1. Report, in debye and to the nearest 20, how large the dipole of the protein assembly as shown comes out about its Cα centre when Lys and Arg carry +1 and Asp and Glu carry -1 on their Cβ.
2. Would you calculate, for chain A, the mean residue ellipticity at 222 nm contributed by helices, counting each DSSP H stretch of 4 or more residues as -39,500 (n - 2.57) and dividing by all residues, to the nearest 500?
3. Once you average over the residues of B:150-160, how many Cβ atoms of partner chains fall within 10 Å of each Cβ?
4. At 0.36 nm per residue, and after removing the present C-alpha to C-alpha distance, how many nm does the segment from A:Arg55 to A:Ala5 gain when stretched out fully?
5. Check cross-link reach from B:Lys35 to the lysines: straight Cα distance under 23 Å, and skip same-chain residues fewer than eight apart.
6. For the Cα atoms of chain A, what angle does the longest principal axis make with the long axis of helix A:92-127, in degrees from 0 to 90, nearest 10?
7. What's the exposure ranking of A:Lys128, B:Lys171, A:Lys163, going from fewest to most Cβ atoms within 10 Å?
8. May I ask you to list the trypsin sites (Lys or Arg not before Pro) in segment A:1-87 that are in a DSSP loop and have at most 13 other Cβ atoms within 10 Å of their Cβ?
Amino acid sequence: MDGLAGYILRRLLFLPLTLLVVSFATFYITRWGPGDPVSVYSGQYRDEEAFARVRHRYGLDKPVIEQYGIYVQRLVLHGDFGVSFRFRDRSIPDVIGPKIWVSARLGVYAFILTFLIGIPAGVFAAVKQGSWLDPFVISVFLFFQSIPVLVMVPVLVLVFAAKLHWLPPGGFDGVFSTSMILPTVALSLPGIAGVARLARATTLGTLNEDFVRTARAKGLDEMTIMTRHIARNSLVPVMTTVIGLSLVGLIEGALFTETLLGIPGIGRFMFESVNGRDYNVILAVVLMGTTAFVFANLLVDLALIVIDPRVRAGRGAR
Amino acid sequence: MTQLNIELAHAEAGVRAEHSESLTRRSIRRLLRKKIAVACLVVIAVFYTVGAFAPLIAPYGYAEQNLDLSFNGPSLHHPFGTDRNGRDSLSRIILAARTTVVVTLATVATGMVLLPVSLGMLAGYRGGFVDAAINRTGEILSSMPGLPMLLLISATMRPRFVGWVKDFEGKIDVHWWRWLANFTGLCDQSQDATSCHHPLTSSGFADYFLIFAVLSLFGWVGGARLVRTQVLTLRRSEFILAAEASGASTRRILFQHILPNIMPIVIVGASAGLGSIAASEIGLTFLGVGIQPPHPSFGALITDGAPRTVLENHPELLLVPAAIVASLIFAFNLLGDALNDVFTSRAN
């Protein structure tokens, strides 16, 4: 396990460097574009002298490299992400905190749903291996995976809101309302295929294990064997991998779902902030996303090592 | 009796072919034996043919408006109806296929084949500093949140990039360039009289290029890692050692011995990536940083079909493009699976 601990440590030590490079790239790219927050928020008003005054107040008139130095210094020494231009000098955690909270709860819902459908579907497909049901179940979820979230959301709205009138067509009124059903379904559908396939593969591995044969020989009923012996053993690795992988999909899916359905989450907020050139918000979101991705990737790698010892051996041999 | 002999002869010939034919031919034959793979290939081939010859097939132009026919339902003249501006939906779908074709082909060629193969081989064969540099760059790129970064880069790059292309077009204002633009249909006098001053920018090809550049920038990492691992394994194999011992040049080893052996992984990786490339273009266009109006793209069609009022009264404007996108990406994914089976079963 020494090699493994060293591996984790190396990956974590690399994180600050990653954040440094990513933050510099983002910093430079945002300031590169046409327009800046001052000109965006002044609207029709055009007074170069006033613009220059405001830019000077925020330090936007300095060279980009100097601005970046100041930003990093403040961030590292004081944990200060700067202020939002779009929300009149409110601090970044103040502005994005509530948005992240909304998205996080939506993400947890979607994750649970992915899991609730994917695992049974995968186990079912594995048990039915050899019959037409196995490829059929997997193909159905593969089809859902093939539909981009952006395409899925309007179709779901069309069917369940516009035609059937079962669900509200969008908006947001708390996480315990019917308005959360559509985004949750839209976000979870693409991920189910991955979970189901992984669950299928691991279940197939367990199906032929000795302890399963023993359980059968003991005369236990199929249901008990499925839940107590097979599902439990194939579950753990699937879960860990899924948490990591689905985080990536959820962040990207949230951008479309929230924009289309009018949910005040971080995805939609990021979109609005890019259009509004709200530099500090963009940077904070990208840096948090990067940190989350690094941990998610690490988690996936570790899960794969746990699932397949050959990966670990391969790493050691190099 | 003769029938049996003929059959035996055929079977024998089949066995012989199995042993003597090349890896490529055997893989293709195995692929064609799978019914699902063939069906996917047909769907993809139809889509790409329609996309490639879009201007010839589409009955109307993508920007041809007729405001008298705004939001007309499906009819004989307009099988999939017309949109808000009275533009023929069928023609817009056909021309949107061209966008998908150009973007996916360009991105696959660069981001899924050229960059992964060259960088992966370089990292795997050179090792040392080059290897570390490529690996670390890939690690940083893959830890960025992809879509927000794509959004950010396209949003800030686009105006600048289009400016560059315009400058470039101003400088090469020569006869043959005009002729080429006319010949390839980049500029169409009947649609827009001024389009021939800047054929690349006004035809939307500058947008295509930006999208493919951005997608390639983030797309090569996974493929390069796979290639690198494969090269590391191959380096220690006997036939490479033999080639090195017999004094083959590095170039010869890389291109004659290693490249053919990594192509299967590259093909599987590229076919698996095609669907997500098509989806990314649609997403970027929806977010307003991809293909710009009035140029057609499935992203634009879905954005136009998604508002509540359009959805309730003219669902065909959303459902037709949605069904086409879904079946194309589904075909890509199934084909990717089939290819994976074909190449991994080679070992058995």
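1. Value, rounded to 20: 1640 debye.
2. Calculated from helices alone, the mean residue ellipticity at 222 nm is -25000 deg cm²/dmol.
3. 5
4. Full extension of this stretch gives 13.2 nm more.
5. Within reach: A:Lys128.
6. The angle comes out at about 20 degrees.
7. Fewest-to-most ranking of A:Lys128, B:Lys171, A:Lys163: B:Lys171, A:Lys163, A:Lys128.
8. A:Arg46
We did not get these values from a lab; they are worked out from the coordinates using the rules stated. No experiment lies behind these values; they were computed from the predicted model shown. Here Cβ is always computed from backbone atoms with ideal geometry, including for glycine, and neighbour counts include all displayed protein chains.
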